[in-house]
Amino acid sequence: MITRDIQKAIEALQNDELIALPTETVYGLAGNAYNETAIKKIFELKKRPLYNPLIVHLHSKEQLKEVAKEIPEKAKILAEKFWPGSLTLVLKKRAHIPDLVTAGKDTVAVRVPQHLVALALLEQLDFPLVAPSANPFGSISPTSAKHVWNYFQENLPVILDGGDCSNGVESTIIGFQGDEAVLYRHGSVSVEEIEQVIGKIEIITRNDTTPDAPGMLSKHYAPKTRIILTENIENEIQENSGKRIGALIFKNQTKTAIAYQEVLSAEGDLKEASKNLYAALHRLDAMDLDIIIAERLPDSGLGVTINDRLNRATKK
Ligand code: TXA
Ligand code: MG
């Protein structure tokens with residue numbers, strides 16, 4: 001059921017059921033962070049491997065001490081600056097956080113989302129919510145209630161509709177090595193914004209099978225249609241002539257006529273482009289194309305995040 005009634009979401013969560021949670025990044029598949037029955041349902045419905053830990057969502061910075069301990073100074077500064085918002089911090093966990101949430105690690109990922117519906121819901125619960133993105137493992141993240149419905153239909157009791165996600169890509173994930181911050185996943189807050197606050201950070205972009213942040217798994221965020229990423233759109237269109245081509249473009253429409261195209265931001269605005277990214281990929285994937293040709297964006301600010309997602313989408 002798609003609904004705007006927060007009460008329905010509260011009832012479902014109190015009965016150990018799952019809901020779709022609107023956030024400013026992407027929709028989450030949310031359950032009670034302290035309830036193992038609910039957490040197991042998340043992994044089952046998403047077909048997510050158990051080694052991939054979940055993000056705990058809080059209603060306020062003050063709630064952080066309930067779930068994490070030994071918080072480094074730089075984490076406090078980042079929380080102060082970016083919460084509520086699209087930044088996830090990986091911190092030492094408190095003992096009562098279930099192992100299922102953290103995949104047995106001694107750390108827990110946490111964030112305070114910025115979406116007013118998410119905050120209103122979290123404030124009315126006496127437990128935090130764990131919420132991975134509300135898509136089957138490996139597929140494109142949802143940025144509208146309709147996207148979530150298309151994936152799960154009635155298998156998800158309550159889809160809480162909070163409109164289209166304003167940021168449109170997942171949160172940035174920061175962990176700590178001692179007191180030093182390390183970036184695990186590019187996201188909705190750019191590296192530049194973070195470095196303005198705490199100085200230079202290390203960026204870890206490993207592609208293991210059991211990585212620190214499987215947002216780093218090489219294949220992820222992928223449409224069903226084959227997708228390639230290029231600097232030279234016109235060239236790729238020529239190379240693929242005869243095929244039914246769709247294109248994902250940053251600013252300017254292609255010169256050559258093709259079956260279908262999505263322009264991310266005619267103004268060339270990276271924030272607008274990231275807001276539109278997943279919805280454009282969902283539409284392209286529904287067009288029965290032979291191939292999607294995606295244009296690489298400028299490699300700065302949110303362009304880095306968008307290129308990261310497009311690059312992972314191209315992997316087999
Ligand atoms: O924007 C977001 O972060 C969205 C919304 C719903 O909040 N959620 C999201 O969750 O993207 P998910 O599950 O798709 O991605 C969570 C990422 C995974 O890459 C996971 O490995 C990482 O967070 N993670 C969680 N706990 C971790 C931990 N203890 N150490 C390292 N990485 C962790
Ligand atoms: Mg995800």
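The values are calculated or read from the model by the stated rules, or taken from the named source; none is laboratory data. The model shown is predicted, which means the values in this text are computed figures rather than measured ones. Cβ placement follows ideal geometry from the backbone for every residue including glycine, while neighbour counts extend to all protein chains displayed.
Could you tell me whether the range 46-55 includes any residue that is part of a loop (DSSP other than H, G, I, E, B), within 20 Å of the chain's Cα centre (by Cα), aromatic (Phe, Trp, Tyr) and in the same structural domain as Glu195 (by TED's automatic domain parsing)?
Taking the range 46-55 first, the residues part of a loop (DSSP other than H, G, I, E, B) are 47-54.
Adding the requirement that they be within 20 Å of the chain's Cα centre (by Cα) leaves 47-54.
Adding the requirement that they be aromatic (Phe, Trp, Tyr) leaves 51.
Subset that is in the same structural domain as Glu195 (by TED's automatic domain parsing): 51.
The answer is yes; a qualifying residue exists.
When the residues of the range 129-143 are narrowed to those that are part of a loop (DSSP other than H, G, I, E, B) and out of contact with any Phe, Trp or Tyr (no Cβ under 7 Å at 6 or more places or on another chain), which ends up nearest to ligand 1 (Cβ to nearest atom)?
Pro132
Can you name the residue in the range 79-128 that is in contact (Cβ under 8 Å) with a residue 40 or more places away in the chain, assigned to a loop (DSSP other than H, G, I, E, B) and in contact with a Leu (Cβ under 9 Å, 6 or more places away or on another chain) and is also nearest to Arg48 (Cα to Cα) among such residues?
By that ranking, first place goes to Ala103.
Restricting to the range 144-189, and then to whatever is in a helix (DSSP H, G or I) and within 14 Å of ligand 1 (Cβ to nearest atom), can you tell me which residue is surrounded by the most Cβ atoms within 10 Å (Cβ to Cβ)? Break it down into steps so the answer makes sense when it comes.
Filtering the range 144-189 for residues in a helix (DSSP H, G or I) gives 145-155.
Subset that is within 14 Å of ligand 1 (Cβ to nearest atom): 145, 147-148, 151.
Working: Ala145: 21, His147: 22, Val148: 28, Tyr151: 20.
Of everything passing the filter in the range 144-189, Val148 is surrounded by the most Cβ atoms within 10 Å (Cβ to Cβ).
Would you pick out the residues in the range 2-33 that are more than 16 Å from ligand 1 (Cβ to nearest atom) and not hydrophobic (A, V, I, L, M, F, W, C)?
Within the range 2-33, the subset more than 16 Å from ligand 1 (Cβ to nearest atom) is 2-8, 10-12, 14-17.
Those that are more than 16 Å from ligand 1 (Cβ to nearest atom) and not hydrophobic (A, V, I, L, M, F, W, C): Thr3, Arg4, Asp5, Gln7, Lys8, Glu11, Gln14, Asn15, Asp16, Glu17.
Listed here are the residues, each with its yes/no results for (1) of a type in the set (A, V, I, L, M, F, W, C); (2) surrounded by fewer than 22 Cβ atoms within 10 Å (Cβ to Cβ).
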residue	(1), (2)
Gln114	no, yes
Ala120	yes, yes
Ala131	yes, no
Gly138	no, yes
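Of all helices (runs of 4 or more DSSP H) completely enclosed by the range 222-316, which ones contain at least 3 residues that are surrounded by 18 or more Cβ atoms within 10 Å (Cβ to Cβ) and touching a His at 6+ places or on another chain (Cβ under 6 Å)?
On the way: elements: 233-239, 270-285, 302-313.
Answer list for the range 222-316: 302-313.
Find all pairs meeting these conditions: Cβ atoms under 6 angstrom apart; at least six residues apart or on different chains; first residue within the range 35-64 and of a type in the set (Gly, Ala, Ser); second residue at pLDDT below 95 and within 10 Å of ligand 1 (Cβ to nearest atom).
Matching pairs, first to second residue: none at all.
On the given criteria, is Pro113 over 26 Å from Lys74 (Cα atoms) and touching a helix residue (DSSP H, G or I) at 6+ places or on another chain (Cβ under 8 Å)? Talk me through it step by step, then tell me what you get.
Details: over 26 Å from Lys74 (Cα atoms): no; touching a helix residue (DSSP H, G or I) at 6+ places or on another chain (Cβ under 8 Å): yes.
In short, no.
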